[in-house]
Amino acid sequence: MSIKAVSTGVTTAKPRTANRTANRARPVKAAAAPPPRVGRRAVAPVSASEAEVNRYLAAYIMGVANRLANGASSHYRRRFGMGMSEWRAMMAIGTSSHRIVREVAEMADLDYAAASKSLKLLAERGLAEIEQTRRRGRAAVASLTPAGLEVYRKLRQSAQRRQVRLLSTFSAEEVQTLWSLLRRIEAQVPHMNAER
């Protein structure tokens, strides 16, 4: 210790300005991730097919149907400017000239209000005609116009191409089995929904 320090009783500390500047210049390392806890299983991403909700057949079918419907809706809106309700209505009418609105709704699997709205949209585009008639209890009869029939044919071709792609990995026998199983499931829907 120096004589000056002893005489004053105060020890003069060395300046740390250089050290502080050096510390600020050093890159800060990111904090390391904590090690995994022993005995605790790591959470891994769960695929849709393995999710709890998809262990129930009805939920799984609805999920697949939603993805198919979203893809179809995007396809038909982009190529034909119509949604799935209008598509189903047009396919239900087809080449018939005497489909009443109730029949269109039933064949298209739409409620009556949705079927009526879809037919109105098709009529506004000149693709369908709706005529009040006395032949069938004053019911409204829907039919496609010549322009509608042309669009209908294109819709059928497009739907057929999409179905071929969907079933491209199935044999003809498997396709028939699939149809059979789906129809059996459909027949069981009222029984399932009857539970209170």
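In the stretch 156-185, what count of residues is obtained for those that are surrounded by fewer than 10 Cβ atoms within 10 Å (Cβ to Cβ), hydroxyl-bearing (Ser, Thr, Tyr) and within 25 Å of residue 83 (Cα to Cα)? Going through the stretch 156-185 one residue at a time, the tally reaches 0.
Filtering 126, 148 for residues that are surrounded by 11 or more Cβ atoms within 10 Å (Cβ to Cβ) and assigned to a helix (DSSP H, G or I) leaves a single hit, 148.
Among the residues of this structure, residue 85 does not count as one that is in contact (Cβ under 8 Å) with a residue 24 or more places away in the chain, open to solvent by less than 80 Å² (accessible area, probe 1.4 Å), part of a helix (DSSP H, G or I) and in contact with a His (Cβ under 9 Å, 6 or more places away or on another chain). The lone criterion from (1) open to solvent by less than 100 Å² (accessible area, probe 1.4 Å); (2) part of a helix (DSSP H, G or I) left unmet by residue 110 is number (2).
The residue pairs whose first member lies in the stretch 149-168 and is more than 17 Å from residue 90 (Cβ to Cβ), whose second member is of a type outside the set (Phe, Trp, Tyr), and whose beta carbons are closer than 7 Å, counting only pairs six or more residues apart or on different chains, are 167/175.
The values are calculated or read from the model by the stated rules, or taken from the named source; none is laboratory data. Note that the coordinates shown come from a computational prediction; the quantities given were computed from them, not determined experimentally. Note that we place each Cβ from the backbone using ideal geometry, even for glycine, and neighbour counts take in every protein chain shown. All accessible areas refer to the heavy atoms of the entire protein, side chains included, with ligands and DNA or RNA removed. Shrake-Rupley method; radii C 1.70, N 1.55, O 1.52, S 1.80 Å.
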